[in-house]
Amino acid sequence: MTNKIYYLASCDTCRKIIKSLPNADKLQFHDIRQNPITEQELDEMYQLSGSYEALFSKKAQLYKSMDLKNKTLTEADYKKYLLEHYTFLSRPVFIIDGKIYIGNGQQNIIEVIKALS
């Protein structure tokens, strides 16, 4: 299994995190704007995370503008939105040695750095 990072090249936070990574050359980079995630890739992330909601960013501008916070979303809804627009993916998402790391939280990035070291 290839170690991957799903990220947004235009995202300052993603760029800052990538710069801080040891052995980043061992990752396959996947810019989700240039190359939208496929249903198969999303299903792989789902298998590792156990939920589409865990992959979903509630900080996305579109989440607010579509007023999704006032709707009751199901796992099927989260999947649909994740496939519809890249902005809904909580970034970055790393898959390293069969384990998934979602988002840019400090503890998460510490775990990613350990996994890559």
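Every number here is computed from the coordinates shown, using simple stated rules; none is lab data. The structure presented is a predicted model; accordingly, all values stated were derived computationally and were not measured. Because the Cβ atoms are built from the backbone with ideal geometry, glycine has one as well, and the counts that use them run over all protein chains shown.
Placing one equal scatterer on every Cα of the stretch 1-56 and applying the Debye formula, the log10 ratio I(q)/I(0) at q = 0.16, 0.26, 0.31 Å⁻¹ is -0.56, -1.20, -1.24.
Using a Gaussian network model of the chain in which every pair of alpha carbons under 10 angstrom is joined by a spring, one finds that among 73, 55, 89 the greatest mean-square fluctuation is at 73. Look at where the Cα atoms of the stretch 32-67 and of the stretch 1-30 average out, and the two centres are 17 Å apart.
Helical content of the chain, expressed as a calculated mean residue ellipticity at 222 nm, amounts to -11000 deg cm²/dmol (DSSP H runs of 4 or more residues, -39,500 (n - 2.57) each, divided by residue number, nearest 500). Among beta bridges identified by DSSP and lying wholly in the chain, the antiparallel ones come to about 65 percent. Students often get this wrong, so try it: which of [x] 141; [y] 115; [z] 103 is volume of the Cα convex hull per residue in Å³ as calculated from the structure shown? Among [x] 141; [y] 115; [z] 103, the one calculated here is [z]. Remark: spin-label model distance residue 113-residue 73 equals 3.0 nm, labels positioned 7 Å along the Cα→Cβ axis.
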